[in-house]
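Below is one structure, written out as structure tokens; the observations come after it.
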Amino acid sequence: MTWKASLSTNYTDGMLILHKGQIVYETYSGCLNERGKHAAMSMTKSLTGLLAEILVVEGKLDPAAKVDTIIPELKNSAFGSATVRQVMDMTTSLKYSEDYADPNADIWVYSKAASPFPKPSGDKGPNGYFEYLQTLKKDTINHGEVFGYKTVNSDTLGWIISKVTGKDMTSLLSERIWMKMGAEQDGYMTVDAKGVPFAGGGISAGLRDMGRIGQLMLNGGKINGQQLFPSKVVENIQAGGDKKAFAAAGYKTLEGGSYHSMWWVMHNQHSAFAARGVHGQTIYVDPTAEMVIVRFSSFPSAANSKIDPTSLPAYQAVAKYLLNKDREK
């Protein structure tokens, strides 16, 4: 398959490639142009994880602390006995299904609670992210044993962040990252009926600004001559999480990888790591090739396992091409 064919096959709306901090490729199609914004979906999680890791490195958040010591409201939920790190790495034990193809999965009850619209008269379900999180029960396995990709972890982490800093996710992200990185456009984040930001998937933004996020990660927290956060933050994320716990989850297209602070770590020869979202959203950071790839997509299937076989090899091919070009100079 050619590069051009892969863009069409993967329903690409926008693709940006940065090499050594410069745009070397940029294309738009479908619903997007350079002035437009696109749902980042679960790439939002990685920004939530980034903020949490910054707080950890700065000594403001203890990753070993039990969640209920920070959020007493979660004492009787599954999260209460988990550590902050287990939430950050999604190794919590939860009775919760995030199978989008199953109309009876917990994700749809969660989505109803998260709706920004007023609840119908007589509705007795939880209203908002925080109320829903309090209803979750622990599964039979222990926390920390198995990776389980469940968005509720991200919203719990968003709550932890707001408790520790006294600021909601949107305000903190704006102050620490967005306002300082030279963003071209405002980003925005969806909220529930109580105004709580959707820390697990609510961001919409422009393609180039998501490229700036990738460049910030590639540069170890530095952009436009400013150090926005300690380089140790990116070092911690790149080091990855528990490979054994990740392997137990059975991700066939990401074998040998791990998940750490809500970033996907490839552990490949180029030490690549990524922010990923359903329907093909990606920030792919390749430190060896000094490359950042950002893709916005509208792939029909939510699962990235359907799109990885024609995406990850393409990213690696671009990295190889850029490295060869560098050698020729």
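Annotations
- Residue count for the range 79-128, restricted to those that are under 23 Å from residue 301 (Cβ atoms), among the polar types (S, T, N, Q) and either open to solvent by less than 30 Å² (accessible area, probe 1.4 Å) or in contact (Cβ under 8 Å) with a residue 24 or more places away in the chain (or both): 0
- Taking the range 273-294 as the range and being of a type outside the set (A, V, I, L, M) and either part of a loop (DSSP other than H, G, I, E, B) or on the phi > 0 side of the Ramachandran plot (or both) as the test, the residues that pass are 279, 280, 287, 288, 290.
- Test: residue in the range 64-73 that is touching a Ser or Thr at 6+ places or on another chain (Cβ under 6 Å) and open to solvent by less than 50 Å² (accessible area, probe 1.4 Å): no
- In the range 55-94, the residues that are of a type in the set (Gly, Ala, Ser) and not in a loop (DSSP other than H, G, I, E, B): 78, 80, 81
- Apart from one condition, residue 182 fits all of (1) open to solvent by less than 10 Å² (accessible area, probe 1.4 Å); (2) of a type outside the set (S, T, N, Q); (3) outside any helix (DSSP H, G or I); the exception is (1).
- Conditions (1) under 19 Å from residue 85 (Cα atoms); (2) touching a Pro at 6+ places or on another chain (Cβ under 6 Å); number of the one not met by residue 189: (1)
- Unmet criterion (only one of (1) more than 15 Å from the chain's Cα centre (by Cα); (2) farther than 30 Å from residue 72 by Cα; (3) touching a residue at least 24 places away in the same chain (Cβ under 8 Å)) for residue 204: (1)
- Residues that are outside any loop (DSSP other than H, G, I, E, B) and either touching a strand residue (DSSP E or B) at 6+ places or on another chain (Cβ under 9 Å) or not β-branched (Val, Ile, Thr) (or both) were ranked within the range 218-233; the one that is least open to solvent (accessible area, probe 1.4 Å) is 218.
The values are calculated or read from the model by the stated rules, or taken from the named source; none is laboratory data. All of these numbers come straight from a predicted model, not from anything done at the bench. For neighbour counting, all protein chains shown are included, and Cβ atoms are generated from backbone atoms with ideal geometry for every residue, glycine included. What goes into the accessible areas is simple: the full protein's heavy atoms, side chains included, and nothing from ligands, DNA or RNA. Shrake-Rupley method; radii C 1.70, N 1.55, O 1.52, S 1.80 Å.
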